[in-house]
Amino acid sequence: MTRTAAWSALALLVSAVLIVATGGSPVEAMQALVRGSVADATAISVTLLYAAPLLLIAAGACVSASAGVFNIGQEGQVLIGALAGAAAGLRLALPGPALIAVVGLAGALAAGFWAWLSALMHRLRGVDIVVSTLLMTFVAQQVVAFAVNTPWLLQESRLGRATVLPQTNKLPPRALLGSLGSYPGLQLNAGLLIAVAAAVSVAVLLTRTRWGFRVTMLGLNPAAAAHSGVRVTVVTGSALAISGTLAGLAGAVLLTSPLSTNRLQPGGTLGLGWDGLLVALIARNRPLLAIPVALLFAVLRSGGSFLAATGVPSYLADIVKALLVLAFVAPRVPWRRLAVA
Amino acid sequence: MNLLDDLGTVLSSSLRLTAPLAFAACGEYLAERAGTLNISVEAMMLGAAFSSVAVAGATGSATTGLAAGVLTGALIGLIHGNLAHRLTINTFVVGLVLNALVLGLTSFLIAGATFGSRPPQRWPLLLLPGIVLLTWWLVERSRWGLELRAVGENPRAADMTGIRVGLRRRQALLWCGALAGLGGAYLAVGEVGSFNQNMTAGRGYLVIAAVIFGGWRLGRTLVGCAVFGLADALRLALPALGVTLNSQLLIAAPYLLALLAMVLFATRHRRPRALGKPFVRQEP
Amino acid sequence: TPEAPPGINEAGTLPPGEPDVNGDGKVVIGVLSPGDINDNGYYESFVVKAEAFATKQGWQVIKRGSVPVAEALNAARALCQQKVDMVAIGAAELKDAIPASTEAVCQKTAWYVPSSANVAQTPEITLSSDDPNQSMLVAGYAAGLLMREKGTTKAGFVSGPEADFTVVAATAFKAGIREIIPEATLVTTYAGDFNDSGKAREAANAQISQGVGALYPYLGGATDAATALANEKKLITLTPGTDRCDSTNPAFDVSVLFDPGDYFEAALTLFAAGQLRMGVTKVWQLGVDPYPTVKLCHGTPEQNAKLAAFIADIGAKKIDPAAEVKKLGN
Amino acid sequence: MGALTLRGITKRYGTVVACDAVDLDVERGEIHGLLGENGAGKSTLMRILLGLETRDAGTILRDGRPVTAGSPREAVALGIGMVHQHFSLVEPLTVWENVILGDTGRIRRSRACAEIHEMSQRYGLPVDPLATVASLSAGERQRVELIKCLRRDPAVLILDEPTSVLTRAESAELFAVLRRVVRSEGRAVVLISHKLAEITAATDRVTVLRHGRVVFRSATAATDVAELARQMVGREVADAAALGLIPAAPHVPEKAQGDPALRIRGLTAPGLTGIDLEVRPGEIAGLYGAEGNGQAQIGDVLCGLVTPDAGTVEVGGVPVDLRTPGALHTAGLGIVPEDRHRAAVVPAMSVAANLTMKDLGTRVWLDRRRLRRRARELAAEFGVVATSLDAPLSSLSGGNQQRVVLARELSGDPRVLVLAQPTQGLDVGAAEDLHERLRRCAHDGMAVLLISTEIEEVLGLADRVLVIASGRVAGELHAAEATPEQLGMLVGGGAG
Ligand SMILES: Nc1ncnc2c1ncn2[C@@H]1O[C@H](COP(=O)(O)OP(=O)(O)OP(=O)(O)O)[C@@H](O)[C@H]1O
Ligand SMILES: Nc1ncnc2c1ncn2[C@@H]1O[C@H](COP(=O)(O)OP(=O)(O)OP(=O)(O)O)[C@@H](O)[C@H]1O
Ligand SMILES: [Mg+2]
Ligand SMILES: [Mg+2]
C-alpha cells in the first residue's frame, strides 16, 4: 500500500513537472482530474459509463487467459462488435427492447465468431493465438473502415449535396441502452449492470463450475487437462469465443451508451480494447478484482478527458494516465526481487 | 512510361518503405529470440523518429540525429527491459503503456517546437546489410546469442546453467531498441526529413507481423519486411500507374499476408518456447 | 461596430450578454478540434487565429486538440463545465457534440460550428459553411494556369483516407484544371493517413515518376514532407487550406484558402461586438466574401487577372461550380 | 578439512521446517549418500547449496571458507555443480551448445566438440556432440548433463535422484564414472537416491534425514539396507522389492481369471510396432524393458496424449475411442504416468484440486464440500504430507507429488490400473506401502499393468512379465520362472 502510494506520488511528480513546464498548475490539474471523475454526479456517471465496456472486455480477457490462450485482439473484437451492433441497429425495424437486445446479441456473436477464428487457425494450422488475435485487430480496423466508407453498406446517408463522413448514421433512440437517472444527474446505465453481471458470472463460472475448473486446468497444464478428459480444442475455442463475445458486447454497449456518439466510427473504440486488456492483466486475470481496476481506469479516462478540457494538452493527460497505470502495476513487486535476475 | 521504369519506381519505393521496417525487424527478431514479444517497438520507432529530427534540427547534422534516435530507442528498450525483466511487470502491460506514453510525449513535445524539414539522407541504408549480418552473427554464432537463444527457449535451464536470464533479455531489448530506433530515425531523418505526430503510424506492429511472417528466422523476417514494403509501394504507386484497388483491402494486406503465411506455414515454424513468458526463479 | 456581413440570416437569436454570455465577468472561448492542433495546417490554423484574436480582446482560450470523434459529446460537456462563453468546434467531424448545446451544462454558451458536411441547423448554434466545390474548382483553375505555362497536362493529388470529402475535393480540383486544359489528367492517390509522411512521400514519388507537373498534397501532418519532395522536382504545389505563400521550406505556388481560422475570426469579431446570432448559417461565398479564395504566390499579372476574373464569375453566379464539376470532373 | 561442510542449515516454509539445523560433511574423494523419506528436505538442502533458495540460518563452508551462493552461477564459481534430472538442457540446441552454455569467451565449435569427445572417452559417456538434445533419450541426456557439469571442474558434484530414469546397466555405468571422478580426480560427490541398493553399492558414507533433521550418519560399509530403511522411515521395512533387492522366494502368482480387463491389439505409434498385450482381472502384469524401448510411448497412448496410428485398446471388453479425451478414464482405466509433471498434475493448482481433478462429478456446479472432504480422506489415506490442502502442488516434495497421483488414480476404483515407474521418487516406506496396495488391488480383482525399468520391482510384484524391446513385445515369462538373466537376454533382443 505504501509502495503504491510512493510510486503514484512519483508518477504524479513527473506529471506535475511536465504540467509546470507547459505553464500549467499541477494543483488545478489534480483538481480537474478529480472533478472530472468523481467530484459530482455527472462526473461519476461518466466514470461509470467508461467502466462498463472496460469491465466487459476485462472479464472476457480473464476467461481466455485462464484457459491459457492469450487473446490480445480485444480492440479489434470491440470494433467488430460495434460494427455488427450498428448494422443490426440501423437495418432492423424492431421495437425498442427487442432492438436493444438484438444489437447486443449481434455485437456479441459477431465478435465471438471473430475471436473464434483465431482458435480455428490455431486448431487447424497451429497458428499462434497471441499473434493472430493481434493481427486480426488490424484487419478488423480495415473491415470497419470499409463498411463506413461504402455507401451501400453502412456509411451515413447523404443529405443534400453536403459531403458525408466515414461513419454510420446515428442509431435510432429506441436502439439505445436505457439508464436509471439522466444527465447531468447520476446515471446508472444498463451497460454497467451488464458488465458487473458479466464479471461476477465469469468469476462464478471459473471458480464454481466444472467447466471453469477445466478451463483453469487447461490454462495451467494442457497435457494434464487432456489426460483428465478436457477436450482441449473445444475448451480453447469456447474460451476464446467467450472472450470475444464479451469484447463484442462491450462494443455494442459502447455504441449504445450515452457516452458515445451512438454511431460507428473508425476510431470509435477510443482504444478501450487495449485498456480493457490492461485491466485484466493488472487484475491478474481475476474477474472480481477487475471491477475495481476497471473503475480505476475509468476514473483515469474521465478525469483525463476532463483535464484535457481545462486546456491542459490532451497528450499530457495521456501521459499522466500512462504514468499512473505504471505506478499501480509496479508496486506488486517485492524490492528483494530487484536484486536477482 | 515503359514497364521497366514503372517497375523501377515500385521497387525503389518498396526499398524505402522496407528499410525502416527491416532495421526494426532485426531488433525485434533478436528480442523475440530471447523470449520477449516486444510490442513497444512502435514506441521505440516513434520516440527515435522524434528525437532524431529534434537533434538533427538543433545540430544541423543528420548523423547526430540518427545517433540520437538510436539512443532514444535504446533508452526505451532499457526502460522496457527493466520494467518487464527486473520489476517483472507483464511485458504486454509495459508495451501498451510505453506505446501510449511515447505517443503522448512526442505529440506533446512537438507542440512547443517546429523543426522544419531537411533534405532526406539515404546513406544510412548502407548500414542495413551490415546490421543484418551482425544480427545474424550475434544470434547464431556469438556466445551472447547462444545464451539469448537458450534464454528464449528454456529460461529455467539457462538460469541453472548460470546465465542471467533477466540480464540477457534486457540486453536483447536494448539491442532491439537501438535498431528500432535506427529504423525510426531513418524514417524521419533519412526518408521524410521531418517529424509529425504519430508518424510511424503502426509500423511497429508491422515489424512484429514480419517476425511472425518469418517464422522466427532472420532471413524470412526480412523477406516479410520486403513483402510488406512491396505491398505498400504497390498500393501507393498503382493509382499513378492507372490501377485502382480497394484501399481498405490494400491497407489490411500486410496483416492478411502475415496471417496467410502463418496459416500456410505455422506448423513448420517453431517459435521460441518461452516467448512472452516471464521468468521468475522458483520451484524446479 | 462592424456591419453584419451579407449572407448572414438575420432571423437568429442573439445570446444575451454577448460576448460574456454566461455573465461571469470574463470571456472564455472553448475550442475543440478533431485533429492535431500542431499540424502546421488546417487544424492548427483554426486555433491560432482564435488565440490571436482572443488575446487582443483580453479573452481566455481553452483549446483541446485530437478529440476522438466518438468522444465529441463528452468533450463538449466537459468544456461547458469550464464556464466557457463559446464552444467552437474545429470541424464537422465533431458534429456529435452539438446535442450538448441543448443541455443544462451548456445553457449559457454560444456555439460555433463550421460545416461543409451535413450538419443540421439548430437554434443553439451558429453554422459557418462554404462549398468545397468552389475553392477546389478554383484551386484547379489556378493550377491549370500554371500548368499550361509549364506545358504539362498531368497533375497529382495525394490525400489521406479515401473519404467522401477527399473524393469531392479531388473531383472539383480536376474539373478546375480542365477549365484551362481540357485534356488534363489527374492522378489521385489515397495514402490512407493524413499524417503518415513516409507513405505520402512515396505516393507523391510514384506520381512524380509518372510525370505529373503539379502536386496537390491534400494532407494534414504529412503535407510538408510531400511538398518538400515536390519542391525538389520543381513541381507546382498547392496548400490545403491556409495561406503559405511566405513559406520557403517547403514552398508553395498556390495558396488555396478555406482556412477555418479565417471564418472563425470573422465570427469572433461579430461575437466581440455582441452580434453573433445563434440559429443561423453563414455561407461563405467565393468571390463574394474575402474567403474562401485562391492566391497565386508568384503569379504573373496576366495569370492573376484571369484567376480574379474566374473567381469573380463564380461570385457573380455566372459560373455554377457544381455544374462545372459535374461536367469536367470525371 | 571437508570439501563441503554444512552447519546448522535451517529452512522454513511457513510452519513447515524443511531443513532443521542440518550438519553435513562431505570429504574430497568420497561419494556421500544422502537419504531420507519423502519430504525430508534433501532437495531443499541442495537448492540452498546451489543458490536457488535462501537459507534461514546456518553456514556453508567450502574447503573451510564460509561461502554463500546467491545463484547457480555463483555456485559454479564456488566449485559446486549439480546434475539435474529436469530443466537444465535446452532442447532445441545441440549437445555441444548445451555443454558450453554458461562458459565465457569465443565460441569454438570444433574445440568444444573435441573436448566433448575427449570427455566421452575419459569417463565412458558416449554422446554425439552435434546431435540436437531434443532427439536424445533420457540416458543420453543425462550423459550430456554429466559432461556439462564435469567440464566445469566442480570440486563438489551433486546428483539428485539421478538413476530414476536409467536402466540398471546405465546406472552401473554412471556409478563407475562417479567412482573414477572421485578416486582419480579427488572430487566429492553427493548422491541423493531412494534406491538403497544403489546407495550401499556406490557410496562411501551415508547421511539420513528425517523431517528435516539428520538422524543417522555412518560409513556405508558399517551399515546395511535394512538399517538404512529403518533409519529413514523410522520402522522396519520388510518388502524386499521396495528395498531394491530381488526377492529370494519368487512371488506366488495370484489366480488370474476371466476375460482380459485390458486388451491391446496391434498398437502402432511412433516408437511402437504392433504391440499386443492383455491383462486379466486379478493379475499384476509387468512390462519390463530398458528405457527408450517404447514404454514411455505406451504410457503416452494410455494417458491419451498420443493417438496411435493403428491398433485398438479395449477396457473390459469394450473398445475405447482413443481420440476422445478422457475416454480411457471413463472406461475405467487409471494411470500413473512416468512423467508426472507433464501429464499427471497441475503444479500450480492446489493439492486438493490435484487429488480430485478426475472426479468432479457430473453436474455443472462443483460440489466443493464433497471435493474437499474427498481430498482430505485421500491425503490421509496415502500419507500425503502438505502444509495445507490449499497449498499449490508444486510446494510438495517430489515423492509427495507422486503420492498425490497415486491416490487420485486409485481413488477412482479403476478396473485397470497402469503404473509407469510408480516408485520412482518414493521412499522405501512409501514404496512398500504402494506394493502392498497393488497386491491388495489385484487380489480384489483389479487388473494391474506395471511398466518399469527396475528388475527388482517387476520380479517382486508381477505375476507375469512381458519384455519390451525396440517397440515390440519381445517375450513373456511367468514370474515364477523368470530370472534376471533371462530378462536381461530378452531385453537385449535375445531368444523369445
Ligand atoms: N516452495 C515451498 N513452499 C512450501 N513448502 C515447501 C516448498 N518447497 C519445499 N517445501 C516443503 O519442504 C519439505 C521438504 O521438501 P524437499 O523437496 O526438500 O523434500 P525431499 O527430501 O527432496 O523429498 P522427496 O524425496 O520426496 O523428493 C516438504 O515438506 C515440502 O512440502
Ligand atoms: N552450427 C554452428 N553453430 C555455431 N557456429 C558455427 C556452426 N558451424 C560453424 N560455426 C562457426 O564457424 C566457424 C568454423 O567452425 P569450426 O567448427 O571449424 O571451428 P573454429 O571455430 O574455427 O575453431 P578453431 O578456432 O579451433 O579453428 C567457427 O567460428 C564456428 O563458430
Ligand atoms: Mg463568461
Ligand atoms: Mg526431492
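The values are calculated or read from the model by the stated rules, or taken from the named source; none is laboratory data. None of these values were measured; they are calculated from a predicted model. Glycine also receives a Cβ, built like all others from the backbone with ideal geometry; neighbour counts cover every protein chain displayed.
Evaluating C:Ile62 against the criteria (1) more than 9 Å from every other protein chain (Cβ to nearest Cβ); (2) surrounded by fewer than 22 Cβ atoms within 10 Å (Cβ to Cβ); (3) not charged (D, E, K, R) leaves one unmet condition, (1).
Of all residues in segment B:146-159, those that are touching a residue at least 24 places away in the same chain (Cβ under 8 Å) and either within 16 Å of ligand 3 (Cβ to nearest atom) or part of a helix (DSSP H, G or I) (or both) total 8. Residues of segment D:65-85 that are touching a helix residue (DSSP H, G or I) at 6+ places or on another chain (Cβ under 7 Å), within 8 Å of chain B (Cβ to nearest Cβ) and part of a loop (DSSP other than H, G, I, E, B): D:His84 alone. Determine if segment D:46-64 includes at least one residue that is away from ligand 4 (no atom under 16 Å from the Cβ), assigned to a helix (DSSP H, G or I) and more than 10 Å from chain B (Cβ to nearest Cβ). No. Among the residues making up segment A:118-144, those that are assigned to a helix (DSSP H, G or I) and either over 20 Å from the mean Cα position of the chain (by Cα) or farther than 27 Å from B:Ala210 by Cβ (or both) are A:Ala119, A:Leu120, A:Met121, A:His122, A:Arg123, A:Leu124, A:Arg125. How many residues, within segment D:410-424, are surrounded by fewer than 22 Cβ atoms within 10 Å (Cβ to Cβ) and in contact (Cβ under 8 Å) with a residue 60 or more places away in the chain? Within segment D:410-424, residues that are surrounded by fewer than 22 Cβ atoms within 10 Å (Cβ to Cβ) and in contact (Cβ under 8 Å) with a residue 60 or more places away in the chain number 3.
Among the residues of segment D:21-57, those identified as surrounded by fewer than 18 Cβ atoms within 10 Å (Cβ to Cβ) and within 15 Å of ligand 1 (Cβ to nearest atom) are D:Ala21, D:Thr54, D:Asp56.
Selection within segment D:102-146: residues that are of a type in the set (Lys, Arg) and within 16 Å of ligand 2 (Cβ to nearest atom). The member of this set that is farthest from D:Thr453 (Cα to Cα) is D:Arg106. The residue that is farthest from the other protein chains (Cβ to nearest Cβ), counting only those in segment D:269-279 that are surrounded by fewer than 22 Cβ atoms within 10 Å (Cβ to Cβ) and under 15 Å from D:Val448 (Cα atoms), is D:Glu278. The single condition from (1) in contact with a Pro (Cβ under 9 Å, 6 or more places away or on another chain); (2) more than 20 Å from A:Ala195 (Cα to Cα) that A:Arg35 fails is (1). For segment A:266-309, the set of residues classified as aromatic (Phe, Trp, Tyr) and within 13 Å of chain C (Cβ to nearest Cβ) consists of A:Phe306 only. When you check D:Val404 against the structure, is it more than 14 Å from every other protein chain (Cβ to nearest Cβ) and either more than 16 Å from ligand 3 (Cβ to nearest atom) or surrounded by 20 or more Cβ atoms within 10 Å (Cβ to Cβ) (or both), yes or no? Judged against the criteria, D:Val404 is not a match. Among the residues of segment C:19-44, the one identified as more than 7 Å from ligand 3 (Cβ to nearest atom), under 17 Å from C:Gln107 (Cα atoms) and in a loop (DSSP other than H, G, I, E, B) is C:Pro19. When you check A:Leu54 against the structure, is it at pLDDT 90 or above and part of a helix (DSSP H, G or I), yes or no? The answer is yes for A:Leu54.
Scanning segment D:65-92 for residues that are buried (at least 21 other Cβ atoms within 10 Å of the Cβ) and away from ligand 4 (no atom under 16 Å from the Cβ) yields a total of 8. Please enumerate the residues belonging to segment A:71-97 that are surrounded by 24 or more Cβ atoms within 10 Å (Cβ to Cβ) and not aliphatic (A, V, I, L, M). Matches in segment A:71-97: A:Asn71, A:Gly73, A:Gln74, A:Glu75, A:Gly76, A:Gln77, A:Gly81, A:Gly85, A:Gly89. List every residue pair whose Cβ atoms sit under 6 Å apart, with the two residues 6 or more apart in sequence or on different chains, where the first one lies in segment D:194-217 and is outside the structural domain of D:Glu161 (by TED's automatic domain parsing) and the second, anywhere, is more than 12 Å from ligand 1 (Cβ to nearest atom) and assigned to a loop (DSSP other than H, G, I, E, B). Qualifying pairs under 6 Å: none. The strands (runs of 3 or more DSSP E) falling completely within segment C:254-319 that include 1 or more residues that are surrounded by fewer than 22 Cβ atoms within 10 Å (Cβ to Cβ) and among the hydroxyl-bearing types (Ser, Thr, Tyr) map to C:281-284.
Right, B:Val139: over 26 Å from C:Asp36 (Cα atoms), in a helix (DSSP H, G or I) and more than 16 Å from ligand 3 (Cβ to nearest atom) or not? Yes, satisfied. Looking across segment C:13-42 at every residue that is charged (D, E, K, R) and surrounded by 22 or more Cβ atoms within 10 Å (Cβ to Cβ), the one that is nearest to ligand 2 (Cβ to nearest atom) is identified as C:Asp36. Considering only residues in segment D:183-193 that are away from chain B (no Cβ under 14 Å) and surrounded by fewer than 22 Cβ atoms within 10 Å (Cβ to Cβ), the one that is nearest to ligand 2 (Cβ to nearest atom) turns out to be D:Glu185.
Among the residues of segment C:118-127, is any in contact with a Phe, Trp or Tyr (Cβ under 8 Å, 6 or more places away or on another chain) and either surrounded by 24 or more Cβ atoms within 10 Å (Cβ to Cβ) or at pLDDT 95 or above (or both)? There is at least one residue in segment C:118-127 that is in contact with a Phe, Trp or Tyr (Cβ under 8 Å, 6 or more places away or on another chain) and either surrounded by 24 or more Cβ atoms within 10 Å (Cβ to Cβ) or at pLDDT 95 or above (or both). I'd like to verify a number: residues in segment D:393-417 that are among the polar types (S, T, N, Q) and away from ligand 4 (no atom under 14 Å from the Cβ), how many? Residues flagged as among the polar types (S, T, N, Q) and away from ligand 4 (no atom under 14 Å from the Cβ) within segment D:393-417 amount to 1.
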